[in-house]
Amino acid sequence: HLKAVRRGAKESYVLADLPYGSYETPQQALDNARILLSHGADGVKLEGVREEVVKYLIEHNIEVCGHLGLLPQTQHKKAVQGKKFEQAKELILGAATLEKLGIFMLVLELIPEELGQIITDNSGMPTIGIGSGRFTDGQVLIVNDILGITPYKLRLAKKYQDYQTLSLDTIKKYREEVEQKVFPAEDNVRHMAQDELQQLMAWVNQF
């Protein structure tokens, strides 16, 4: 997938997630990060405050993006993070630690807007929010949520189109036209030249 993305985005910065379980140790993280870079990534993203891992990657010239708040690789329940004082404080300190280590950007997922603003205002690196309010430096959403491909509605996202309904209606229409012999129509078929067809039919009729 990464190679395909790079082929289609030759001029863009490509950031690749280190998969779950691929950065348990600094050396494992470096080995896997180098694989991602060899396939076209410009930098890697990892979740949580993994100080030794982040430090080791940056020391070996790997550009690292952090990810705090909801960590989807390990937290499957989509609950807002940092609503309480202690948890919010921990996220602020985590962001500061990652910045000090040298990450170039931080993704903040599903945290209160106020917390997103505090981290952004006290950070010298860009912050990208997903469900984290209006005051992060940038925003990211899952393309399926934007297009309305998924059936459920998330408060953190905005559905700009309803491609799920459109897709289902389109497939239903196709099925109906096939059943009713409307499709294929004359515009959708190709014919043999008459002389070739006559020659073929003469041969077929021998049997």
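The values are calculated or read from the model by the stated rules, or taken from the named source; none is laboratory data. Just so you know, these numbers come straight off a predicted model, no measurement behind them. When we count neighbours, we look across all protein chains shown, and the Cβ atoms used for this are built from the backbone with ideal geometry, even at glycine.
For the reader, a short list of remarks on this structure follows.
- Ile118 among the aliphatic types (A, V, I, L, M), assigned by TED's automatic domain parsing to the domain that holds Val64, in a helix (DSSP H, G or I) and touching a helix residue (DSSP H, G or I) at 6+ places or on another chain (Cβ under 7 Å): yes
- Residue count for the stretch 163-207 under the criterion of being of a type in the set (Phe, Trp, Tyr) and either under 30 Å from Ile142 (Cα atoms) or in contact (Cβ under 8 Å) with a residue 60 or more places away in the chain (or both): the result is 2.
- Residues satisfying the stated conditions in the stretch 135-173, i.e. touching a Phe, Trp or Tyr at 6+ places or on another chain (Cβ under 6 Å) and assigned to a helix (DSSP H, G or I): Ile146, Leu147
- Residue tally, condition loosely packed, with under 10 Cβ neighbours inside 10 Å and assigned to a helix (DSSP H, G or I), over the stretch 174-200: 6
- Taking the criterion of being assigned to a loop (DSSP other than H, G, I, E, B) and surrounded by 11 or more Cβ atoms within 10 Å (Cβ to Cβ), the only residue of the stretch 1-12 that qualifies is Ala9.
- Across the stretch 31-62, the qualifying residues are those that are in contact with a Phe, Trp or Tyr (Cβ under 6 Å, 6 or more places away or on another chain) and of a type outside the set (Val, Ile, Thr), and the one among them that is nearest to Glu109 (Cα to Cα) is Leu46.
- In the stretch 41-61, the qualifying residues are those that are hydrophobic (A, V, I, L, M, F, W, C) and surrounded by fewer than 20 Cβ atoms within 10 Å (Cβ to Cβ), and the one that is nearest to the chain's Cα centre (by Cα) is Val49.
- Within the stretch 45-64, residues that are more than 14 Å from Ala96 (Cα to Cα) and in contact (Cβ under 8 Å) with a residue 24 or more places away in the chain have Cβ atoms under 9 Å from residues that are of a type in the set (S, T, N, Q) and outside any loop (DSSP other than H, G, I, E, B) in these pairs: Val53/Gln28; Tyr56/Gln27, counting only partners at least 6 apart in sequence or on another chain.
- Considering Gly43, Gly8, the condition of being small (Gly, Ala, Ser) and farther than 19 Å from His67 by Cα is satisfied by Gly8 alone.
- Screening the stretch 80-103 for residues that are of a type in the set (A, V, I, L, M, F, W, C) and crowded, with 18+ Cβ neighbours inside 10 Å and picking the one that is farthest from Leu154 (Cα to Cα) gives Leu101.
- The single condition among (1) more than 30 Å from the chain's Cα centre (by Cα); (2) loosely packed, with under 11 Cβ neighbours inside 10 Å that Ile171 does not meet is (1).
- Condition check for Lys77: basic (Lys, Arg), surrounded by fewer than 15 Cβ atoms within 10 Å (Cβ to Cβ) and more than 23 Å from Ile142 (Cα to Cα): no
- The strands (runs of 3 or more DSSP E) falling completely within the stretch 16-109 that include 2 or more residues that are modelled with pLDDT of 95 or more, of a type outside the set (Phe, Trp, Tyr) and closer than 19 Å to Gly131 by Cα map to 64-69, 105-109.
- Residue within the stretch 146-168 that is of a type outside the set (D, E, K, R), surrounded by 16 or more Cβ atoms within 10 Å (Cβ to Cβ) and within 30 Å of Phe85 (Cα to Cα) present: yes
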